[in-house]
Amino acid sequence: MQAALEMNCDAHDDPFQCPDSLIAYHEGLNQFGLIVHDGDRNVVVIRHCPWCGGALYEAA
Ligand SMILES: [Zn+2]
């Protein structure tokens, strides 16, 4: 999870432009999302890690 978030690409500065980038984190919203590579800046908000299933947020 951490590795996916910290993944850097030499060819793309913007994670939304990079087909290898899977996860985006929005600091203001404190949300994680799966990047939808449809040419727009869409994400699917997720609440659990897609790799380990662990919760991404503290239980409120
Ligand atoms: Zn790239």
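Just flag the chymotrypsin sites (Phe, Trp or Tyr not before Pro) in the chain sitting in loop per DSSP whose Cβ has no more than 14 other Cβ atoms within 10 Å.
W51, Y57
Taking all Cα pairs closer than 8 Å and separated by 6 or more residues, the relative contact order of the chain comes to 22 percent.
What the phi angles of segment 37-46 give under the Karplus curve with 6.51, -1.76 and 1.60, with θ = phi - 60°, is a coupling list of 7, 10, x, 10, 9, 9, 9, 9, 5, 10 Hz, glycine and proline written as x. Were the residues from Q17 through N30 laid out at 0.36 nm apart, the gain over their Cα-Cα distance would be 2.5 nm. Secondary-structure-derived ellipticity at 222 nm for the chain, considering helices only, amounts to -1500 deg cm²/dmol, per-run term -39500 (n - 2.57) for DSSP H runs with n ≥ 4. Specify whether the C-alpha gyration tensor of the chain places it in the rounded, prolate or oblate class, a ≥ b ≥ c being the square roots of the eigenvalues: rounded for a/c under 1.5, otherwise prolate if a/b is larger than b/c and oblate if not. Because a/c hits 1.5 or more and a/b exceeds b/c, the chain counts as prolate. Protein heavy-atom surface of the chain, 1.4 angstrom probe: 49% of the accessible area is carbon and sulfur, with nucleic acids and ligands not counted. The charge dipole of the chain, taken about the Cα centre with unit charges on the Cβ atoms of Lys, Arg (+1) and Asp, Glu (-1), comes to about 300 debye, rounded to the nearest 20.
Reported to the nearest whole Å, the Cα centre-to-centre distance from segment 41-60 to segment 11-35 is 13.
Taking 0.36 nm per residue of separation and subtracting the Cα-Cα distance, full extension of the segment from W51 to D10 would add 12.3 nm.
The values are calculated or read from the model by the stated rules, or taken from the named source; none is laboratory data. Model, not experiment: these values are computed from the prediction. Neighbour counts are summed over all protein chains in view; Cβ atoms, including those assigned to glycine, are modelled from backbone coordinates with ideal geometry. Note: accessible area is taken over every heavy atom of the protein model, side chains too, but ligands, DNA and RNA are not part of it. Shrake-Rupley method; radii C 1.70, N 1.55, O 1.52, S 1.80 Å.
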